[in-house]
Amino acid sequence: MQATQLVWLRNDLRLDDHPALALAAAQGPIQVLFCATPKQWQQHHESPAKLGLRAASLQDIADRLASLGIVFHLIEVEYFADVAAKLAKFCQQQQSSDIWFQAETPLNEQRRDQAVTDALTKAKINVHRLAEDLMVSLPVKTQQNEPFKVFTPYYRRWLQILEDTQQVPYSEPKAQGKAISPTLLKCEWAGRFREDLWPASEQKALERLSSFCEIKIIDYKNHRNFPIKPSTSMLSPWLANGQLGPRRLLTTIQYHCFEASRDWRHDDWLRELAWRDFYKQLLLYFPRLSMGKAFKPETDQIIWRNDDAGFKAWCEGKTGFPIVDAAMRQLNQTGWMHNRLRMLTASFLSKLLLLDWRLGEQYFMNTLIDGEFAANNGGWQWSASTGVDASPYFRVFNPALQSERYDAKGQFIKRFVPELIDVPIKLIHTPPPALREQCGYPHPIVDYKYARAEAIATFKLVSSSEQGTLLHD
């Protein structure tokens, strides 16, 4: 049997623009492997919807590889700690001389990869551990060689590196023989997901990317904050699974910006992709982010409330604040939530209810189809004013004002809170008590003005280093 190059897929479930696949295939015959770790995923609170999309995407990959004569393997262990021994044994069985994979940034993944590298090197298997699957995989640091803690200067440096080092996308692997029968994968760990919204197809993801960049990206800046408008890319579930390569993202943006005579460097959606890199790279430099710790140690002194009833109302979308409830119901029904509403609901939980942001972080991960540890943790810590480059502690979103500003006609509210479908627009953002009774809609579980003042006072005690004037959002 000829020695093969083994490509280990993880959070990069694609054939297009895949460095490990392309570089391994340039060395000789390849086989492709995915190692499922369902109990580890459970510990990481990955949602049934995300696992469902992952399983279906793996089947798509297995089918496409089979058409190219490339064997795909799905193996399973319980935890990351079991992966090294399983892979070492597998490589020896398959006579794989080399293994190729892309690094990941969370702490548990780093430890898993180091254990795999040690075990396979000991077994005399060549390990090719490639750079992280980021838009900019090189370290993005200050002139003092320190990691950035504020996004805007990070972004300027990130953009400069991106321009200086950009590469063309890697090609898909070529056929390596006659087509073989595809393997029907058994993924008992998979849950249900909205396949009508996010088909488990890399081709569909690429088509959605191209369509968004061609049609919607020019208006993204002006329309992105309005949840009723179909103005966001809706690509995040595929991005979280790694079904779109970073070089493909960049070249698609650049192509359509060029076609529209726009400068790609000033693209607002590209800036959002930079936020993803920012949060992922922070995990390399600040391991405590992977340990359930706040980035700002002083905020661990906050005494969070114990309020099971309040947390339950927030989870179920029954807080009595229509825009908050509509957002949470969107999450529960689709596995996805509009980004403006993620900030609003996170602020509501951590500031107005004064509940530990980690409760919300975990609930989102348990529910989101696009749950990604770095971005989810970064977003929650931003909203809770505990993280790097966080929202100032005195910034507390006002749900009624946010609703009036970004859902002026109440269309989003009425879509997800049917109790309020017949409520007049002028009353829908803060329905009066009698109307709530009539509609069967709950009264507010908290008084905004009182809760805001209490949150500011609480955070001020542990945020003496922060200065500023009270902001009203």
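Worth pointing out:
- Any hit, region 84-92, residues being without any contact (Cβ under 8 Å) to a residue 12 or more places away in the chain and not small (Gly, Ala, Ser): yes
- Selection status of PRO153, out of contact with any Cys (no Cβ under 7 Å at 6 or more places or on another chain) and either touching a residue at least 40 places away in the same chain (Cβ under 8 Å) or in a loop (DSSP other than H, G, I, E, B) (or both): no
Results for (1) buried (at least 20 other Cβ atoms within 10 Å of the Cβ); (2) touching a helix residue (DSSP H, G or I) at 6+ places or on another chain (Cβ under 6 Å); (3) not charged (D, E, K, R), shown as yes or no for each residue.
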| site | (1), (2), (3) |
| --- | --- |
| ASP17 | yes, yes, no |
| LYS39 | no, no, no |
| GLU76 | no, no, no |
| GLU104 | yes, no, no |
| ALA115 | no, yes, yes |
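- Among residues of region 300-316 being among the charged types (D, E, K, R) and within 12 Å of LEU353 (Cα to Cα), the one that is surrounded by the fewest Cβ atoms within 10 Å (Cβ to Cβ) is ASP308.
- Against the list (1) in contact with a Leu (Cβ under 9 Å, 6 or more places away or on another chain); (2) in contact (Cβ under 8 Å) with a residue 24 or more places away in the chain; (3) in a loop (DSSP other than H, G, I, E, B), the condition GLY320 fails is (1).
- Options SER290, SER347; residue that is of a type in the set (Gly, Ala, Ser) and more than 19 Å from GLU404 (Cβ to Cβ): SER290
- Inspection of region 387-409 finds a residue satisfying the criterion of being assigned to a loop (DSSP other than H, G, I, E, B), over 30 Å from GLN40 (Cα atoms) and of a type in the set (Gly, Ala, Ser).
- Residue within region 232-243 that is within 16 Å of ASP370 (Cα to Cα), of a type in the set (Phe, Trp, Tyr) and assigned to a helix (DSSP H, G or I) present: yes
- Exactly one residue out of TRP189, TRP158 is in a loop (DSSP other than H, G, I, E, B), closer than 26 Å to LEU368 by Cβ, within 25 Å of the chain's Cα centre (by Cα) and aromatic (Phe, Trp, Tyr), and it is TRP189.
- Some residue of region 271-278 being in a helix (DSSP H, G or I), more than 24 Å from TRP380 (Cα to Cα) and out of contact with any strand residue (DSSP E or B) (no Cβ under 9 Å at 6 or more places or on another chain): no
- Tallying residues that are crowded, with 24+ Cβ neighbours inside 10 Å and either in contact with a His (Cβ under 9 Å, 6 or more places away or on another chain) or not aromatic (Phe, Trp, Tyr) (or both) within region 347-370 yields 9.
- You will find that of LYS178, LYS216, LYS221, LYS174, the residue that is closer than 30 Å to LYS141 by Cα, more than 17 Å from the chain's Cα centre (by Cα) and of a type in the set (Lys, Arg) is LYS221 and no other.
- Residues of region 243-262 classified as over 14 Å from MET135 (Cα atoms) and either at pLDDT 95 or above or not charged (D, E, K, R) (or both), total: 6
- Hits in region 78-115 (condition: of a type in the set (A, V, I, L, M) and farther than 12 Å from LEU33 by Cβ): ALA81, ALA84, ALA85, ALA88, ALA103, LEU107, ALA115
- Helices (runs of 4 or more DSSP H) fully within region 19-104 counting 3 or more residues that are at pLDDT below 95: 83-94
- Selection within region 83-95 - buried (at least 22 other Cβ atoms within 10 Å of the Cβ) and small (Gly, Ala, Ser): none
- So PHE397, is it more than 30 Å from PRO153 (Cα to Cα) and in the same structural domain as ASN306 (by TED's automatic domain parsing): no
The values are calculated or read from the model by the stated rules, or taken from the named source; none is laboratory data. This structure is a prediction, so every number in the text was calculated from the model and none was measured. Note: ideal-geometry Cβ built from the backbone for every residue, glycine included; neighbour counts use all protein chains shown.
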